[in-house]
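Structure first, then comments.
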Amino acid sequence: MWYGSYHLLIEEKIKNRDIFCCKDLNLMIENEDKLYNIEYDTLTREFFIKSIEGPYIRTIDYCPWCGSKLPSSLRDKWFDILEKEYGLDSPDSVDQCNKVPAEFLTDEWWKKRGL
């Protein structure tokens, strides 16, 4: 997808630390060595395990360490809101990606809406 390379921003992790359920998950996400390749995408609010052998990722719904339910993914909501509010039926396409409002390129869009 055009909008995310699934990279982590240290500033975002520190600022949003309270969304992570336990110390172990925080450490795994913040660990630059990526022993377990657990990552967090602030745009879609998704936690996932990233394969070290290729482009495969697997979203996770529960913390592997403490078992807590993680916040729901907002991927579908991102597409739904862009279509409903801005008429973008394919915001990840080359034709429409430049029309996506700046707030939808960060976690601002879902925080602003209280999601």
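Name, by its number, the condition in (1) at pLDDT below 90; (2) over 18 Å from Lys111 (Cα atoms) that does not hold for Asp89.
With (1) at pLDDT below 90; (2) over 18 Å from Lys111 (Cα atoms) applied to Asp89, the lone miss is (1).
When you scan the range 51-95, how many residues do you find that are more than 19 Å from the chain's Cα centre (by Cα) and of a type in the set (A, V, I, L, M, F, W, C)?
Residues meeting the conditions: 4.
If you take the residues in the range 17-72 that are part of a helix (DSSP H, G or I) and loosely packed, with under 11 Cβ neighbours inside 10 Å, which one is modelled with the lowest pLDDT? Write out each step before concluding.
Initially, the range 17-72 is screened for residues part of a helix (DSSP H, G or I), giving 17-19, 23-30.
When the remaining residues are screened for being loosely packed, with under 11 Cβ neighbours inside 10 Å, the result is 18, 23.
Values: Asp18: 52, Lys23: 73.
By that ranking, first place goes to Asp18.
Here is a check on your reading of the model: is Ser5 part of a loop (DSSP other than H, G, I, E, B), surrounded by fewer than 16 Cβ atoms within 10 Å (Cβ to Cβ), of a type outside the set (Asp, Glu) and modelled with pLDDT of 85 or more?
So Ser5 does not fit the description; no.
Out of the range 91-105, which residues are under 16 Å from Thr44 (Cβ atoms) and hydrophobic (A, V, I, L, M, F, W, C)?
Correct list: Cys97, Val100, Phe104, Leu105.
Limited to the range 75-90, what total is found for residues that are over 16 Å from Asp41 (Cβ atoms), surrounded by 11 or more Cβ atoms within 10 Å (Cβ to Cβ) and of a type outside the set (Asp, Glu)?
The number of residues fulfilling the criteria is 5.
Can you confirm whether the range 73-87 contains a residue that is among the aliphatic types (A, V, I, L, M), over 20 Å from Met28 (Cβ atoms) and part of a helix (DSSP H, G or I)?
Checking the range 73-87: at least one residue is among the aliphatic types (A, V, I, L, M), over 20 Å from Met28 (Cβ atoms) and part of a helix (DSSP H, G or I).
Tell me which residues, restricted to the range 95-112, are touching a residue at least 24 places away in the same chain (Cβ under 8 Å) and assigned to a loop (DSSP other than H, G, I, E, B).
Val100, Thr106, Asp107
The values are calculated or read from the model by the stated rules, or taken from the named source; none is laboratory data. Note that the coordinates shown come from a computational prediction; the quantities given were computed from them, not determined experimentally. Using ideal geometry, Cβ is built from the backbone for each residue, glycine included, and neighbour counts are taken over all protein chains shown.
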